[in-house]
1. Pick from segment 67-90 the residues that are modelled with pLDDT of 95 or more and surrounded by fewer than 15 Cβ atoms within 10 Å (Cβ to Cβ): which of them is nearest to GLN38 (Cα to Cα)?
2. Quick check on this structure: which one of VAL126, VAL185, VAL132, VAL173 is among the hydrophobic types (A, V, I, L, M, F, W, C) and within 22 Å of HIS255 (Cβ to Cβ)?
3. Within segment 94-121, restricting attention to residues that are within 14 Å of ALA78 (Cβ to Cβ) and polar (S, T, N, Q), which residue is nearest to the chain's Cα centre (by Cα)?
4. If we keep just the residues of segment 96-131 that are assigned to a loop (DSSP other than H, G, I, E, B) and aliphatic (A, V, I, L, M), which is farthest from ARG155 (Cα to Cα)?
5. Mind listing whichever residues of segment 91-123 are at pLDDT 95 or above and basic (Lys, Arg)?
6. Give, as residue ranges, the helices (runs of 4 or more DSSP H) completely inside segment 234-292 that count at least 2 residues that are under 16 Å from the mean Cα position of the chain (by Cα) and of a type outside the set (Val, Ile, Thr).
7. Take the residues in segment 147-156 that are more than 24 Å from GLY27 (Cβ to Cβ) and in contact (Cβ under 8 Å) with a residue 12 or more places away in the chain; name whichever of them is surrounded by the most Cβ atoms within 10 Å (Cβ to Cβ).
8. Filter segment 52-66 down to residues that are surrounded by fewer than 24 Cβ atoms within 10 Å (Cβ to Cβ) and closer than 20 Å to GLU118 by Cβ and give me whichever is modelled with the highest pLDDT.
Amino acid sequence: MPHDEIDAAAAGTWMLAGHAVRRLGFGSMRLTVDPDPQPAVQVLRHAVELGVNHIDTAAFYVSPGGTLGVGTGDKRYATDLIRTALWPYPDDLLIATKVGPGEHEWARNAAQLREQVEQNLTRLGVDHLDLVNLRLRGPEHGSCAEEFAALAAMRDEGLIRHLGLSAATLAHVDEAQAIAPVACVQNSYGLDYRRGHDELVRVCGERGVAFVPFFTLAGDAREQGATAESNAAVEAVAAAHGATAQQVRLAWALHQGAHVLVIPGTGSLAHLRDNVAAAALTLTPAELSMLG
């Protein structure tokens, strides 16, 4: 796809946590991998220049030695990188974060969740968090009521403005919504990955809840990043638009509903521009049918 006048606004907007966010956002998980923080800072600043105003992060995005980290040397937190790159934050920027997994153990009670919330506040340099997603273990997590109620109490204190869920089932959403409003559900999901979430995507749309897919490009590669694997349908659609397979996958996700907000992450300026350019890729009904 041509890269002239790339702007995340081409994907449209959705009201999330009181912000009109562009539906093409940015995930910060992979920013901690490079031992040099400057490329990450450059990517974050350029993302905002390209119109991105929804950045996803987590208390546990840390490298090395953390849950998702690799490498050696001092630990690098994604939240620190975001603050270095973007503070003072633009008024329209939404930074959504997550709590639950810790660097060494899962938060199991209100005190541990509060510790992670306070860590986010300190590292981001803010007095409240606009959106906090409770990260679950998936279907095997069981009830999320105790943890979600603890976050709801922190919302009532003013530490958090809005709440969401990550790696959740519909049963988790129902349970959480009985406690406090759920602004979004953030699950792994893509064109040929975790399609069992199709029904949850539909229900979220009906309820006005944002659905924020992650690993949309990585699929089974997960934390390793975007996969080079593709299929004939993706390649055919990509060729018809002069696009990459990754851009088609992002566009497919955006076409699943106006409430779907993608957050592809990268440490590369070139890949960032490619990802944001996908905001302008419109697929025809026939192409969507071909993709499945």
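1. Among those that are modelled with pLDDT of 95 or more and surrounded by fewer than 15 Cβ atoms within 10 Å (Cβ to Cβ), it is TRP87.
2. Values: VAL126 fails: within 22 Å of HIS255 (Cβ to Cβ); VAL132 fails: within 22 Å of HIS255 (Cβ to Cβ); VAL173 fails: within 22 Å of HIS255 (Cβ to Cβ).
None of the other options fit; the residue is VAL185.
3. Narrowing segment 94-121 to residues within 14 Å of ALA78 (Cβ to Cβ): 95-99, 101, 103, 116, 119-120.
Adding the requirement that they be polar (S, T, N, Q) leaves 97, 116, 119-120.
Values: THR97: 9, GLN116: 18, GLN119: 19, ASN120: 16 Å.
The residue in question is THR97.
4. Here is the first cut: in segment 96-131, the residues assigned to a loop (DSSP other than H, G, I, E, B) are 100, 102-105, 107-109, 125-128.
The next check asks that each one be aliphatic (A, V, I, L, M); those that pass are 107, 126.
Numbers: ALA107: 18, VAL126: 15 Å.
For segment 96-131, the residue satisfying everything is ALA107.
5. LYS98, ARG114, ARG123 - these are the residues of segment 91-123 that are at pLDDT 95 or above and basic (Lys, Arg).
6. On the way: elements: 245-254, 269-277, 285-291.
Qualifying helices (runs of 4 or more DSSP H): 245-254, 269-277.
7. Quick first cut of segment 147-156, residues more than 24 Å from GLY27 (Cβ to Cβ) only: 149-150, 152-153, 156.
Adding the requirement that they be in contact (Cβ under 8 Å) with a residue 12 or more places away in the chain leaves 149-150, 152-153.
Working: ALA149: 13, ALA150: 21, ALA152: 18, ALA153: 16.
Ranking the qualifying residues of segment 147-156, first place goes to ALA150.
8. Only one residue tops the list, namely VAL62.
The values are calculated or read from the model by the stated rules, or taken from the named source; none is laboratory data. Predicted model, so just to flag it, every value in this text is computed and none were measured. Reconstructed Cβ throughout: ideal geometry from the backbone, glycine too, with neighbour counts over all protein chains shown.
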